[in-house]
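Derivation of every value follows stated rules applied to the coordinates shown; laboratory data play no part. This structure is a prediction, so every number in the text was calculated from the model and none was measured. In this analysis, Cβ positions are derived from the backbone assuming ideal geometry, glycine residues included, and neighbour counts consider all displayed protein chains.
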Amino acid sequence: MAVHRRLEPAAPWVELAVTQEDWDAADPELLRTMLGQLVLIRVFEEYVLELAAAGLIHGPAHSSIGQEGGAVGSVLALTSADQVNGSHRGHHQFLAKALHHVCPKGLDLGAGVPDDVRELLLRTLAEICGLDRGFSHGRGGSMHLQWKDAGAMGTNAIVGGGVPQAAGFAWADRQAGTDAVSVTYFGDGAINIGSTLETFNLAAAWSLPVCFFVENNRYAVSTSVFEATCEARLSGRGPGFGIASWKVDGMDPLAVHLAMQEAVAHMRAGRGPTLVEADTYRIQAHTNADDASRYRTEDEVRRWVPRDPLTRLRAYLVDQGALDATGDAEITAAAEEMAARLRTDMAAEVTVDPMELFEHVTVHRSGQLTEQRELLRAELAADEEVSG
Amino acid sequence: MTTTKMTMAQSINAALRDAMTADESVLVFGEDVGALGGVFRVTDGLTETFGERRCFDTPLAESGIVGMAIGMAMNGMRPVVEMQFDAFAYPAFEQIVSHAAKMANRTRGKLRVPLVIRIPYAGGIGGVEHHCDSSEAYYAHTPGLTVLAPATNADAYGLLRAAIESPDPVIFLEPKKHYFSKEEVDLEVPVPPIGRAVVRRSGRDATLIAYGPSVPIALAAARQGAAEGRDIGVVDVRSIVPFDDETVANAVRATGRAVVVAEAPGFASVASEIAARVTERCFHYLEAPVRRVTGFDLPYPPPKLERHFLPGVNRILDAVDELQWEDA
């Protein structure tokens, strides 16, 4: 009779859960910074939804509301030298990384919103609205947010499209002899795409310091992760490739932070790539054009709402006496004042010169592009004459 | 001028070697390019000379290879990746078209992708389906990509050096049937500019326009035409994108008759684009409509039948004969 020996993958697969002791041991300043980031990103995302409803965002706006805990918890384990890229639903990923770059020592909203944070939020919103003050002069839009100085190398409209590029960042860091790591944020949809799985293998084969951060929000547009794959615990993919993998409650920023600290230590020690699966939930519909009632129930959403990372962190801080009613009101007031200023500042926006279309396609400009540019220039001059 | 007799594979190897020596950020990787030196031996000895950090093998993962190369390029490296065969590059199409080609534009030049994708392309080697595609139109159609197709060993060297120096992505199409053809090459000449065609043979009666593996066929047709009493010129496009309208149009204006020669299936092809551009620019000089001699609109045929598929001297000269000659 055949003998069966149980085989274990060489790489570990663990679920990390925090205890009361972890909460008690957490640095109060870290928790204040988490709260500050969560509040700002939430207010920002609410404003984006408002603009989308008013038709002021061209193309889809993918809301990150409910998922901010994963990005905030993980980014705070990084430095500006660590590069990240992200997904189509990536405002929170970008903002968390950029906020941490602007405020590396922490962000306490009780002290008001710093000017460079206002500037960051304004430029991000301008980018999302396709306006010139954006980081890519509005060309990248909602789904391509980049700011290289902050190590934010670009969110990406193509599902799974940015994943291999993050392995390239890690390769470049290793070649340069630094201990920097890269993180690529993607979702449960992207984990079934070839480029993602190819990159798991490349990164593990070459022991690259890249973290695959899976925001498992349970839906790829309308397709449930339980329909899309047999093993919906997506961190289970890692060990098959030899990648050390963590599963963590993505609605709990502290749990994510602790898991990410372990993953970053693993990578900085030269032990190869990591995978962190954050269980999370997309509280909003897929986009402003979506109708989520066609594929999920109100009940299901209601069950997730109490797990909202912002609500939980705030409740903990109040419970611990780290945040009193006055402090909480100050933070709320700071966020509301910031949002009001953002509204005023956005109104002063200027539009992009259409001739700018032809810049930056490539340095090797073709004859047809030169001709087409002149055609547009003549058309604009003619329009000017008519209207002027 | 010191010239050396070398094959196209050796010329490309020399270009890689010289670029890697000149610039530490130049890296070469792809499937089997290390110890084996590539299936065509183009990267022969590079790992030995530059070490495994500069020239290395990858798993079979074209999308991953190109995507990683983009990430490296965004951080200042200059990767040169090899796709083993033309059709093997298609899994990487998404990374090439949606990311490499668009990054500089999308970020208004803040993130650039100095990446070269080398693709052994086209047929004529008795290969099979997936190993003989002329895939240039897919890339040429995508704004943001520069597409080069050298026909001579000297251009293979020079244009690859230019491609590696480019701050933006380049698709470098190597006519694989010429990998082992020997020619005199001068490695000391300055790097040629991207975007310039060259007149390989001047003629007064008709102009053949070709690139890559079709240039030697066009030259053979011109020689045969001369024996039959027609003075036929040949323009080598070299740079498909950007396209050198001026050189091509000047050559056609001088003759009033033109045939475009290319191996790729003709429908919606680079040959069609060239014919349209020549017609738009030279209409009043033309004595006859511009003709195209291309591969048939078929998947690449099996080895024993490829000679019927590929443009040959007779088919080219037959097309020239149909250019409404007054004495006909």
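Any idea what the alpha-carbon Rg over 2.2 N^0.38 Å comes to for the range A:1-87?
Rg over 2.2 N^0.38 Å, computed on Cα atoms: 1.69.
Taking a temperature of 25 °C and a viscosity of 0.890 mPa s, what whole-number D in µm²/s does Stokes-Einstein yield for the range A:110-218 with Rh from Kirkwood over alpha carbon pairs?
Working: Rh = 15.3 Å.
Answer from the Stokes-Einstein relation: 161 µm²/s.
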Fill in the blank from the handout: Given 4 °C, 1.567 mPa s and a Kirkwood radius over Cα pairs, the Stokes-Einstein diffusion coefficient of the range A:280-388 in µm²/s is 64
Practice task
Return the percentage of antiparallel bridges among DSSP beta bridges fully within chain A, rounded to the nearest 5 %.
Solution key: 10
Problem - Shielding by other protein chains, A:263-272, mean Cβ within 10 Å - result: 0
Problem - Interchain or long-range residues, amide H under 5 Å from A:Glu277's placed H - result: A:Val214, A:Trp246, A:Lys247, A:Val248
Exercise for the section: For the range B:222-328, just say rounded, prolate or oblate: build the C-alpha gyration tensor, square-root its eigenvalues into a ≥ b ≥ c, call rounded for a/c under 1.5, and beyond that prolate if a/b exceeds b/c, oblate if not. Expected result: oblate
Exercise for the section: Considering only DSSP beta bridges where both residues belong to the range A:95-234, give the percentage that are antiparallel (nearest 5). Expected result: 35
Fill in the blank from the handout: Counting only DSSP beta bridges with both partners in the protein assembly as shown, the antiparallel fraction in percent, to the nearest 5, comes to 15
Problem - Cα-only Debye scattering, the range A:223-264: base-10 log of I(q)/I(0) at q = 0.13, 0.17, 0.27, 0.32 Å⁻¹ - result: -0.35, -0.57, -0.95, -1.02
Fill in the blank from the handout: The equivalent-ellipsoid semi-axes of the range A:29-144, taken as the square roots of five times the Cα gyration tensor eigenvalues and listed largest first in whole Å, are 22, 14, 14
Fill in the blank from the handout: In terms of the charge dipole of the protein assembly as shown, which places +1 on Lys and Arg and -1 on Asp and Glu at the beta carbon, the residue among A:Ala167, B:Ala100, B:His131 farthest towards the positive end is B:His131
Exercise for the section: For B:Arg292, enumerate residues with amide H under 5 Å from its amide H, sequence gap 5+ or separate chain, H modeled in the peptide plane. Expected result: B:Val260
Exercise for the section: With unit charges on the beta carbon (Lys/Arg positive, Asp/Glu negative), name the residue among A:Ser142, A:Gly130, A:Ala98 whose Cα is farthest towards the positive pole of the charge dipole of the range A:97-213. Expected result: A:Gly130
Handout entry: Residues with amide H under 5 Å from that of B:Leu27, placed H, sequence gap 5 or more
Key = B:Arg78, B:Val80
Completion exercise
Placing each pseudo-label 7 Å from Cα in the direction of the beta carbon, A:Lys105 and B:Glu228 end up separated by a distance in nanometres of 8.4
Handout entry: Contact order relative to length of the range B:25-139, as percent, for alpha carbon pairs under 8 angstrom and 6 or more apart
Key = 25
Practice task
Compute the long axis of helix B:8-22 from its Cα atoms, compare it with the longest principal axis of the Cα atoms of chain B, and write down the angle in degrees, 0 to 90, nearest 10.
Solution key: 40
Practice task
Holding the Cα-Cα limit at 31 Å, pick out from A:Lys148/B:Lys176; B:Lys102/B:Lys176; A:Lys105/B:Lys102 the pairs that are longer than that.
Solution key: A:Lys148/B:Lys176; A:Lys105/B:Lys102
Problem - Compactness relative to 2.2 N^0.38 Å, alpha carbon Rg of the range A:31-70 - result: 1.29
Practice task
Would you work out the relative contact order for chain A, in percent, from Cα pairs under 8 angstrom that are 6 or more residues apart?
Solution key: 21
Fill in the blank from the handout: Semi-axes of chain A from the Cα gyration tensor (sqrt of 5 times each eigenvalue, largest first, whole Å) come to 35, 28, 21
Fill in the blank from the handout: With a Förster distance of 51 angstrom and the Cβ-Cβ distance between A:Arg302 and B:His141, calculated FRET efficiency to the nearest 0.05 equals 0.55
Exercise for the section: Can you find, among B:Tyr300, B:Gly229, B:Ala69, the residue farthest towards the positive end of the dipole of chain B? Put +1 on the C-beta of Lys and Arg, -1 on that of Asp and Glu. Expected result: B:Ala69
Practice task
Using only C-alpha atoms and all pairs of different ones, pull out the Kirkwood radius for the range A:218-299 in Å with one decimal.
Solution key: 14.5
Practice task
Would you please state the base-10 log of I(q)/I(0) at q = 0.12 1/Å for chain B, with intensities from the Debye formula using one equal scatterer on every alpha carbon?
Solution key: -0.80
Practice task
Mind checking the full-extension length gain between A:Asp149 and A:Glu336? Use 0.36 nm per residue of separation minus the Cα-Cα distance, one decimal, nm.
Solution key: 64.5 nm
Fill in the blank from the handout: the range B:88-162: spread of alpha-carbon positions along the three principal axes, whole Å, largest first, is 44, 29, 16
Handout entry: Total charge dipole magnitude, the range B:253-314, about the Cα centre, Cβ charges on Lys, Arg, Asp, Glu only, Debye to nearest 20
Key = 180
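Taking the highest mean first, how do the peptides A:1-10, B:256-265, B:100-109, A:309-318 order by number of other beta carbon atoms within 10 angstrom per residue?
Working: A:1-10: 6.2, B:256-265: 26.4, B:100-109: 22.3, A:309-318: 18.9.
Most protected by this proxy first, the peptides run B:256-265, B:100-109, A:309-318, A:1-10.
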Exercise for the section: Please work out the FRET efficiency for the pair A:Ala382 and A:Glu50, using the Cβ-Cβ distance as r and a Förster radius of 41 Å; give the result to the nearest 0.05. Expected result: 0.65
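Quick check on the protein assembly as shown: what does the Kirkwood estimate of hydrodynamic radius come out to from the alpha carbon pairs, in Å? The partial results should precede the final answer.
Numbers: mean 1/r = 0.0359 Å⁻¹.
Across the protein assembly as shown, the inverse of the average 1/r is 27.8 Å.
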Practice task
For helix B:214-227, report the angle its Cα long axis makes with the longest principal axis of the Cα atoms of chain B; keep it between 0 and 90° and round to the nearest 10°.
Solution key: 30
Handout entry: Crossing angle, helix A:367-387 versus chain A [Cα axis fit, 0-90 degrees, rounded to tens]
Key = 60
Problem - Total charge dipole magnitude, chain A, about the Cα centre, Cβ charges on Lys, Arg, Asp, Glu only, Debye to nearest 20 - result: 1280
Exercise for the section: Please build a GNM for chain B, connecting alpha carbons under 10 Å apart, and tell me which residue among B:Ala61, B:Ala251, B:Ala149 fluctuates the most. Expected result: B:Ala61
Exercise for the section: Express the C-alpha Rg of the range B:11-106 as a ratio against the empirical globular expectation 2.2 N^0.38 Å, rounded to two decimals. Expected result: 1.05
Handout entry: Range of Cα positions in the range A:81-137 per principal axis (Å), largest first
Key = 31, 24, 19
Practice task
In debye, nearest 20, what is the charge dipole magnitude of the protein assembly as shown about its Cα centre with +1 on Lys and Arg Cβ and -1 on Asp and Glu Cβ, if you could check?
Solution key: 1460
